[in-house]
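Note sheet for the following structure.
The values are calculated or read from the model by the stated rules, or taken from the named source; none is laboratory data. What you see is a predicted model, and the numbers here were worked out from it, not measured in a lab. Ideal geometry is used to build each Cβ from the backbone, glycine not excepted, and the neighbour counts take in all protein chains shown. Each accessible area value is taken on the protein alone, full model and side chains, heavy atoms only, with ligands, DNA and RNA left out. Shrake-Rupley method; radii C 1.70, N 1.55, O 1.52, S 1.80 Å.
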Amino acid sequence: MSDISSKKKSVSFDPFAGPEISRVFPLTESQIEIWLSCTLGGDHANIAYNESNSLRFQGALDVEALAKAVGILTERHESLRCSFSKDGKNMLVYKDLPDQFLFQDISGLPAQNKEAFLKDHLKRDALHNFDLVSGPLFKATLLKLGEQEYHFTFTAHHIIIDGWSIGLIMEELGTLYSDIVQGKEPDLPDPYPYSDYANEQREFLNSEAYKEVENFWLDQYKDKVPVVNLPTDHARPLFKTYASNRLDYELEHSLVKAIRKTGIESGCTLVNTILGALEVFLSKVTGQKDIIIGVPASGQAHLGYHQLLGHCVNLLPLRSQPDGALGFGQYLSRRKPAIFDAYENQQLTFGSLLKNLKVPRDTSRVPLVPVVFNVDFGMDEGVDFHGLKFKMISNPKSYLNFEWFLNINGSKESVVLEWTYNRQLFEADTMNKMVNGFVTLLKSVTDDPDRPLDSIEIFVEESPKTSPGEEPVLYAPDFSEFQPMHSLFELAAEKYGERPAVVFRDTDISYRALNENANQLAHFLAQQGLKRGEIVGIVMDRSIEMLVAALGILKAGCAYLPVDTDYPNGRIEYYLNDGAKMHITQKIYQNKFNSSSSEIIWEDFIVQKEQYPKTNPNIPVAPHDKAYIIYTSGSTGGPKGVILEHDNLFNFLVGVSATPGIAQEDRVLAVSSFSFDIAIQELILPLVH
């Protein structure tokens, strides 16, 4: 195992050991509610308020620059330098805070250990029990995973940040880092002090405007207060529980376009259209015509304080009565004014409303809003780290305050439903059914917005489409004796034919077409003089063609060498000169690498590929023949190529097919670098099933 060293270590923070207090002011009403929830609910309730997000970086990251950026960010914002008085009445802001940036280099660990370390790290962050009195109330950790791969995680307690704050943190970190690495003086707009916001909120409580907001919400519930009863798998315990799990579902691009179109026709945004669909779905699931969904509203956006970092969110209990006789388009049009009015009157805290409504307390459940709908859409817009590629990740919670929490994440190109649920009330199978049912509803209401809501079925049991007399397609590979991976894929291709095998952005390819394209490449390579057992590099951008190349090389009896095009030229050339007979690349990379291996341009092959047979090549492969080569990071010297033989790959497929397993209805999201060993599980395992 490689040595794991900390470049910077976080320091235990004791507010009584010397840090100078620069400001003291009373908590806002929303913060008081969180304080009471954490104090009365215990550790699990406190952990339920953890908010954690990560950035997965690719590139030559400057660790010192990122550490400095975190330090400047902490200096800028009062909420990051605070703790709370023991009685929960005052927020204490410190002049300085000891360094909270932790760096660990785990790039030397074996791939499997590295992923296990990262998974454990994220779990520990999710379970971190922040001490509201002693602080600090956030953590910033950077893990080095590879030569140019890093994982940064920022975790904080919800009492000091909200969704708007997370976006602001990422945007300012990016700007600060970029300025530092370019030798510029950091230049950001002045932050809006949280102490000023808290003082304004106290003054607002005594204003006429506050009374108008209060009366608006009281009027919403003047007749009665409905109780939303979700159909749980298990009886509610005497006292509310918090343990949770999360299911993520990425909506198809075509469905997102249809949702936008349906919303526009009714004058609604994408978010409000999905919210309207959730209201209809919740009504169908519960059988209730009068429902409530909690929707967090950002105080920063409402007040125009864009540089304000802190807890400024209020939970709005939106009440609706979906009418089954209406079409979804009509329902949206009728809901639009009520939703706008709710946002205009968002400055009443949820706890204040509960006090005024005098809702009977039930220790087994969340009052008023067991279901919450949140939006973290476009969080990475405006975020840029100079010289780096990155992906923003919303980390799952281990504990949750609500029974269902649906978060809409993603960007204009991709919308993900992150559905967190109380796992002591609901089974995973039930929640899978719920998520699929909601997607079914979205498809139904966008296919025909005029169709009466009562006529829509949300739990439709799907079965494979078959022709008369044809048996359903139910296939599992035969692992009773060794077979090379590409042979297992050929058997699956025979069974599945025209069914989609791979989807990339807006393009997909069937099993048959994928197999035939790989066959043509294999025959082409054989004609180029490639011999069994030789190594062929793949230097291609992430695409379906990249996968065709890997399969074609295996079918030719050769071993493929996956090369990430984001790697520096020197590293790529090192790989190709270390034993590759030839390499396949795209025209954009033609003659770019100083390599002794002969170069095949993919576009040139495409022009002539119809000259080659689409049939499976009859090239024997033995268990100990090379399948592919993976290079180490080179942290202890030059990178070293590790040969994986066909029997290694076969045994791996046997193992992961059993645990964690894969089912016919599963979909696998391939996110790892092609040069990373775990990519085999993401790319190959689904294809042989």
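Just in the stretch 513-561: which trypsin sites (Lys or Arg not before Pro) are loop by DSSP and have at most 11 other Cβ atoms within 10 Å? Could the numbers behind the result be given before it?
Values: sites: 531, 532, 542, 555; in loops: 531, 532, 542.
Here the sparse-neighbourhood loop sites are 531.
Per-residue surface analysis assigns residue 33 an accessible area of about 50 Å², computed on protein heavy atoms at 1.4 Å probe radius. Across the chain, where is the longest run that never hits chymotrypsin sites (Phe, Trp or Tyr not before Pro) in a DSSP loop with at most 14 other C-beta atoms within 10 Å? Value returned for the longest uninterrupted segment is 17-238.
What percent antiparallel are the DSSP beta bridges of the chain, to the nearest 5?
70
Expressed as a whole number of Å, what is the distance separating the alpha-carbon centroids of the stretch 299-338 and the stretch 518-539? Taking the Cα centre of the stretch 299-338 as reference, the centre of the stretch 518-539 is 58 Å away. Within a straight-line Cα-Cα reach of under 17 Å, residue 211 can be paired with the following lysines, leaving aside sequence neighbours fewer than 8 residues apart in one chain: 222, 355. Here are several values of semi-axes √(5λ) of the Cα gyration tensor in Å: [x] 48, 34, 21; [y] 45, 36, 23; [z] 55, 37, 25. Which one was derived from the coordinates shown? Answer label, from the structure shown: [x]. For residue 314, the amide hydrogen comes within under 5 Å of the amide hydrogens of 297, 299, counting only partners 5 or more places away or on other chains and with H modelled in the peptide plane. Distant-in-sequence amide contacts of residue 375, defined by a placed amide H-H separation under 5 Å and a gap of 5 or more residues or a different chain, comprise 408.
Roughly how tilted is helix 328-344, in degrees to the nearest 10 and between 0 and 90, from the longest Cα axis of the chain? On a 0 to 90 degree scale, this one is about 50. Overall form of the stretch 158-199: oblate. Here a/c, set by the Cα gyration tensor axes a ≥ b ≥ c, is 1.5 or more, and a/b is not larger than b/c.
In this structure, the pairs whose alpha-carbon distance is over 23 Å, taken from 144/389; 531/587; 389/592; 119/144; 289/397, are 531/587; 289/397. Were the residues from residue 610 through residue 249 laid out at 0.36 nm apart, the gain over their Cα-Cα distance would be 126.1 nm.
Against the chain, whose longest principal axis comes from its Cα atoms, helix 208-220 is set at around 70 degrees. Using a probe of 1.4 Å on the protein chains alone, the accessible area found for residue 128 is around 60 Å².
Here the 3J(HN,Hα) profile of the stretch 124-139, calculated from phi with Karplus coefficients 6.51, -1.76 and 1.60 at θ = phi - 60°, is 5, 5, 4, 9, 5, 9, 5, 8, 5, 8, 8, x, x, 10, 8, 10 Hz, Gly and Pro shown as x. Stretching the chain fully between residue 577 and residue 341 yields a gain of 78.4 nm (0.36 nm per residue, less the alpha carbon separation).
Candidate cross-link partners of residue 95 among the lysines, defined by an alpha-carbon separation under 29 Å and a same-chain spacing of 8 or more, comprise 7, 8, 9, 68, 86, 139, 184. Each Cα pair under 8 Å and six or more residues apart adds its separation to the average, and for the chain the resulting relative contact order is 13 percent.
Taking 7 Å steps out from each Cα toward its Cβ at residue 618 and residue 219 produces label points 8.4 nm apart.
Within the stretch 326-429, list the trypsin sites (Lys or Arg not before Pro) lying in a DSSP loop whose Cβ has at most 15 other Cβ atoms in a 10 Å radius. Kindly include the intermediate steps, with their values, before the conclusion.
Working: sites: 334, 335, 355, 358, 361, 365, 389, 391, 397, 412, 423; in loops: 358, 361, 365, 397, 412, 423.
In loop regions of the stretch 326-429 (DSSP not H, G, I, E or B), the sparsely surrounded trypsin sites (Lys or Arg not before Pro) are 358, 361, 412.
Only aspartates and glutamates eight or more places from residue 358 in sequence, or on another chain, were considered; those with a Cα closer than 15 Å are 214, 219, 223. Near the amide H of residue 634, within less than 5 Å, lie the amide hydrogens of 640, all on another chain or at least 5 residues away, with H placed in the peptide plane.
Projecting the Cα atoms of 430, 177, 591 onto the dipole axis of the chain, where Lys and Arg carry +1 and Asp and Glu carry -1 at the beta carbon, places 430 farthest toward the positive end. Here the accessible area is traced with a 1.4 Å probe on the protein chains. For the chain, carbon and sulfur cover 49 percent of it.
In loop segments of the stretch 586-671 as defined by DSSP, the trypsin sites (Lys or Arg not before Pro) with at most 16 further C-beta atoms inside 10 Å of their C-beta are 592, 614, 640, 667.
Count Lys and Arg as plus one, Asp and Glu as minus one, and take only other residues whose Cβ is under 14 Å from that of residue 452; the net charge is then -4. Annotation: residue 624 carries an accessible surface of approximately 130 Å², with a 1.4 Å probe and no ligand, DNA or RNA atoms counted.
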